[in-house]
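Working notes, structure below.
Nothing in this text is a laboratory measurement; each read-out follows from the coordinates by a stated rule. Being a predicted model, the structure only gives us computed values, none of them experimental. We place every Cβ from the backbone using ideal geometry, glycine too, and count neighbours over all the protein chains shown.
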Amino acid sequence: MDFLALFGIYVAVVLTCIALVCKYSGHQQTPLGRLFDSVTRGYAQIVPSELVGINTFGNNCLQNPILLCQINNWNNLFLNVHLLLEIAVYAEFSFEIFGFCLEMGTSLISLCVPYILLALKSYVFYLCCSRDPGTLTKGNHTAQLKVYQYDEKLFQKGIRCPTCDLVKPARSKHCRVCNRCVQRFDHHCVWVNNCIGAQNTRYFLLYLVSVCAMAGDISVLIADMLVHTVVRTGLLHAQYLDEQGQQQPVGPLFIIQHLFLTFPRIVFMLGFLVFVFFLLAGYSLFHMYLALVNQTSNEWFKGKGHRCQHGYSHSGQQCRTTYNPFRGFYHRGILKNLGEILWPLCPVTKKDN
């Protein structure tokens with residue numbers, strides 16, 4: 001099989017995996033989920049429950065937030081895939097790339113940075129999975145109603161959650177996956193098997209940044225190793241005989257093909273990590289922006305539907321005031337917005353705008 005055919009298969013597999021993730025990211029069960037059900041059940045027996053996620057709160061958990069309910073297998077599928085990919089990347093880095101980089105003259109300190117980032121990421125990942133995102137219960141519901149004012153656009157007074165049978169505080173939302181209402185709800189993250197809310201948004205941001213830093217750092221080390229390999233072997237100045245028997249200097253495509261066939265797993269991993277880096281960099285910047293303007297992704301997408309164009313909303317009704325989805329109702333200035341992420345507002349503190 002020639003290089004182009006092998007590379008085409010690689011690209012097709014990667015794009016197919018991305019398409020499947022995008023297609024089934026909002027579904028409760030999928031064909032892959034059924035396949036992994038038996039695996040996740042056994043996996044859950046050996047992994048601490050905190051790493052499996054905060055698990056699903058049922059209606060009984062609304063009276064007792066400490067009670068952990070049945071694990072959602074679909075979310076465990078994403079969490080397990082995430083952990084298995086991380087193990088595969090670090091196994092390849094430790095048992096093959098680490099030695100190559102040492103031979104190429106890379107400093108030991110530089111090679112230890114990915115492990116430091118892994119430790120940091122594992123800690124914030126644990127916090128993101130295990131911390132309560134801000135579950136609304138009958139015990140804290142009255143106090144939570146005083147935290148945020150209703151903007152009467154995205155959040156209106158008197159709206160009751162039919163599942164929890166509680167009046168929804170401003171900025172809260174019922175998560176159909178966890179079956180609970182969450183204070184300052186952002187979204188349900190399948191990669192950590194937990195909702196992202198008022199109490200764990202700071203950990204989620206650190207988690208995104210740490211994973212992005214891991215992917216970027218290992219990508220740089222791999223790229224540096226491959227460049228040193230090309231330079232030391234003299235491949236840049238090599239020549240080959242074409243079909244007419246004439247000597248031709250090697251080009252970029254020949255070098256890439258040589259590296260691909262010589263280090264297939266390493267080149268595969270480099271492509272995967274570069275893709276993950278740019279994907280997470282964009283996603284991290286989006287959530288950093290939301291933190292700066294004191295918005296959640298839930299409010300961002302809901303607010304786009306309330307944006308007025310030529311005096312009319314998307315529903316066709318005339319707008320009395322213009323709603324700006326790029327700067328929400330709860331914006332209080334960058335420093336106060338960031339402070340609210342780092343130190344969530346206490347239920348007894350009434351928010352002033």
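Report, by chain and number, residues whose modeled amide H sits under 5 Å from the one on Asn194, excluding near sequence neighbours (fewer than 5 apart, same chain).
Cys189
Calculate the length of the line joining the C-alpha centroid of region 155-176 to that of region 220-292, in whole Å.
About 50 Å separates the Cα centre of region 155-176 from the one of region 220-292.
Using amide H atoms built 1.01 Å from N in the peptide plane, name the residues 5+ places from Leu166, or on other chains, whose amide H lies under 5 Å from its own.
Under 5 Å from the amide H of Leu166 lie the amide H atoms of Cys161, each far enough along the sequence or on another chain.
Report the FRET efficiency, 1/(1 + (r/R0)^6), for Leu120 and Gln246, where r is their Cβ-Cβ distance and R0 is 56 Å, rounded to 0.05.
0.55
For Leu235 and Ser107, compute 0.36 nm times the residue count separating them, minus their Cα-Cα distance, and round to one decimal in nm.
Using 0.36 nm per residue and subtracting the Cα-Cα distance, I get 43.7 nm.
Mind ranking 197-207, 117-127, 149-159 by how tightly packed they are, going by the mean number of other C-beta atoms within 10 angstrom, highest first?
Highest-to-lowest ranking by the protection proxy: 197-207, 117-127, 149-159.
Please go through the residue pairs Lys173/Lys302; Lys168/Lys302; Lys146/Lys168; Lys121/Lys336; Lys173/Lys336; Lys138/Lys173 and name each one whose alpha carbons sit more than 18 Å apart in this structure.
Lys121/Lys336; Lys173/Lys336
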